[in-house]
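The structure under discussion appears below in the form of structure tokens.
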């Protein structure tokens with residue numbers, strides 16, 4: 001995968017004389033694959049000490065090799081979303097390289113820059129600008145060197161595939177980037193003032209080169225975290241009660257009977273604070289030891305149940321924040337021709353990656369080397385250092401892709417557990433979570449309660465809107481960290497934007513002169529652990545808000561598409577709405593006006609929604625079996641505007657994944673618990689969409705080459721959930737106020753019973 005064929009051997013003066021046909025032949029012969037291993041010489045030198053490297057140095061981002069290829073260093077990890085391909089496109093575009101000439105390496109705290117977490121749809125939105133600026137600075141420096149080499153002014157040079165030539169000369173003279181710099185540092189600071197290529201000159205950005213990580217994955221040669229092994233390693237397992245207790249109680253052992261695993265040869269108990277783990281030479285022995293170890297756990301206060309959590313949130317003392325406040329919505333409700341609103345109930349939902357989280361820690365060198373699937377290698381390094389009470393520079397984190405997570409699952413728990421066990425034993429230790437621990441001790445997407453009211457005048461204009469949302473905070477630590485330090489879990493400050501109602505998804509896309517959005521944040525104590533989950537809470541916001549919009553349209557006897565068009569206040573929202581509707585061949589109608597007495601009925605719904613700053617719209621076509629209560633999402637149409645789309649194929653792929661996951665979450669997924677702890681500990685008790693239930697999905701990208709790139713990893717999920725809910729009303733004439741929209745809840749609603 002790392003072999004390359006260079007253009008030719010350079011003559012003594014370093015200038016290559018090629019015919020144009022020879023140049024094209026040489027360019028076509030150069031093949032570079034995606035590589036997360038086999039570092040080049042420059043990379044080995046970079047890895048000699050702990051990072052992060054200097055953010056303002058061009059060498060931190062780019063290494064030019066003698067074979068006229070480049071290694072591009074990024075701080076955003078490949079989670080399966082294809083961002084490594086997109087980031088390579090950005091860098092290659094500014095450098096005037098071809099995609100066949102660039103590669104990247106895995107994230108590593110001794111080598112790659114610190115660009116913070118790969119989360120919040122940030123890879124292109126926040127990760128690409130620095131890379132683009134560094135590449136532009138690198139190109140400027142390379143052209144300056146080429147001008148000296150060719151004895152011309154920089155303005156008379158042109159570049160194609162890393163070959164710099166003089167414009168308009170009959171005697172074609174050229175020099176390659178590799179000949180100018182090959183495997184030597186730039187030693188140049190990037191200032192951010194080097195001119196960026198205008199969109200009108202893009203050759204790669206906006207195109208659809210294939211993902212660079214897929215060939216190895218398709219061939220079964222890609223090394224995922226769960227595949228990794230090193231010589232002499234031990235296997236470890238974390239020991240936890242089945243199903244987490246309330247936050248703040250954690251997993252506190254009252255007693256541990258180490259003699260209870262004496263029958264398992266070589267198995268040992270590892271303790272640090274309240275942390276309990278086991279290690280053994282064979283993995284099955286570690287599994288048995290974790291199963292057989294007798295531990296008495298401290299019980300916490302009554303947790304309630306998933307059926308009562310919303311009532312408790314409403315009663316709790318909360319920190320209330322006005323997210324949006326303008327006009328007099330309460331007063332204008334009195335003047336409205338129609339007012340509609342209700343309460344909506346949204347569950348805890350889990351990350352539950354298909355392969356439980358895994359990490360491997362090796363203490364045998366100068367640094368504790370940890371391989372894990374963390375989404376933020378530098379933050380993970382700092383957390384390990386804190387747990388072990390050592391300097392962060394003593395820890396080296398290397399990223400290996402896991403089975404997908406999109407949010408804060410148990411990857412930090414596995415990372416810290418491996419570090420604790422490796423430090424205690426002096427040997428490499430591989431820790432993988434068991435399924436019941438991954439399900440039961442996840443950092444769940446928090447439950448949410450919404451109360452929405454909105455009013456319209458007789459012409460169909462929204463004149464008042466109120467949204468009250470209840471949820472609790474998010475944790476900033478892992479269960480392992482809390483246990484190892486014997487401290488109660490820490491919660492993000494109540495003012496953090498992450499735990500507040502999102503003002504974007506709660507009516508902001510509409511022209512509403514009188515609007516109030518209030519977030520009621522409950523303390524996290526004795527709720528379940530909460531943290532980021534893909535499109536955090538946005539399914540809940542859109543599920544409530546966009547159903548209210550449809551109810552207003554129905555009251556007006558107006559088509560819901562036309563109602564939204566009338567009230568949208570931003571052209572970009574209107575464009576995604578129209579794109580989704582056009583693709584779905586939307587037929588104007590009043591929702592629920594064509595009900596059928598058949599056992600299986602169909603419906604269509606439309607909705608808007610997003611996560612951060614992009615624009616999303618969706619249309620859903622569903623079937624409802626009124627006898628069984630089963631909803632089947634048949635077809636989904638999504639449209640997204642994320643500004644400049646670097647690679648439309650990547651965004652389309654992301655949209656398919658988002659809309660599939662939203663379907664699963666709105667129809668099936670719910671964490672269940674009783675007064676003692678979580679009870680949904682496997683795939684039977686925590687249902688997800690099966691492959692056979694995958695809807696047909698048609699994604700549409702609204703390209704805007706002159707706009708900044710914004711997030712594309714989460715921004716159509718809320719719209720999808722709301723569109724499915726609106727389609728249910730169209731099919732049945734009934735509203736679902738709670739998701740997941742399970743068969744039991746569907747039958748209850750159709751029979752007029754409360755859910």
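The values are calculated or read from the model by the stated rules, or taken from the named source; none is laboratory data. Just so it is clear, the structure is predicted and the values come from calculations on it, not from any experiment. Note that we place each Cβ from the backbone using ideal geometry, even for glycine, and neighbour counts take in every protein chain shown.
So the values come out like this:
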read-out: Of all residues making up region 245-264, the number that are in contact with a helix residue (DSSP H, G or I) (Cβ under 9 Å, 6 or more places away or on another chain) and either free of Cβ contacts under 8 Å to residues at least 40 places away in the same chain or within 19 Å of residue 358 (Cα to Cα) (or both); value: 4
read-out: Subset of region 730-750 (residues that are part of a helix (DSSP H, G or I) and touching a strand residue (DSSP E or B) at 6+ places or on another chain (Cβ under 7 Å)); value: 730, 731, 732, 745, 746
read-out: Among (1) part of a loop (DSSP other than H, G, I, E, B); (2) in contact with a helix residue (DSSP H, G or I) (Cβ under 6 Å, 6 or more places away or on another chain); (3) closer than 18 Å to residue 97 by Cα, the one test that residue 192 misses; value: (3)
read-out: Residues within region 361-402 that are in contact (Cβ under 8 Å) with a residue 12 or more places away in the chain and under 27 Å from the mean Cα position of the chain (by Cα), tallied; value: 27
read-out: Region 558-578: number of residues that are under 28 Å from the mean Cα position of the chain (by Cα) and crowded, with 20+ Cβ neighbours inside 10 Å; value: 3
read-out: Strands (runs of 3 or more DSSP E) contained in region 436-529 and holding at least 2 residues touching a residue at least 12 places away in the same chain (Cβ under 8 Å) and within 30 Å of residue 683 (Cα to Cα); value: 448-456, 462-472
read-out: Some residue of region 423-435 being buried (at least 24 other Cβ atoms within 10 Å of the Cβ), assigned to a helix (DSSP H, G or I) and assigned by TED's automatic domain parsing to the domain that holds residue 365; value: no
read-out: Residue 379 vs. criteria modelled with pLDDT of 95 or more, surrounded by fewer than 24 Cβ atoms within 10 Å (Cβ to Cβ) and closer than 25 Å to residue 308 by Cα; value: no
read-out: Counted residues, region 597-616 - those being closer than 23 Å to residue 124 by Cα and at pLDDT 95 or above; value: 6
read-out: Filter pass, residue 138 being closer than 16 Å to residue 94 by Cα and within 36 Å of the chain's Cα centre (by Cα); value: yes
read-out: Filtered residues of region 120-147 (kept if more than 17 Å from residue 72 (Cα to Cα) and buried (at least 23 other Cβ atoms within 10 Å of the Cβ)); value: 121, 146
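Residue by residue, here is whether (1) modelled with pLDDT of 95 or more; (2) buried (at least 19 other Cβ atoms within 10 Å of the Cβ) holds:
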{"site": "149", "(1), (2)": "yes, no"}
{"site": "154", "(1), (2)": "no, no"}
{"site": "160", "(1), (2)": "yes, no"}
{"site": "172", "(1), (2)": "no, no"}
{"site": "184", "(1), (2)": "yes, no"}
{"site": "187", "(1), (2)": "yes, no"}
{"site": "197", "(1), (2)": "yes, no"}
{"site": "201", "(1), (2)": "yes, no"}
{"site": "212", "(1), (2)": "yes, yes"}
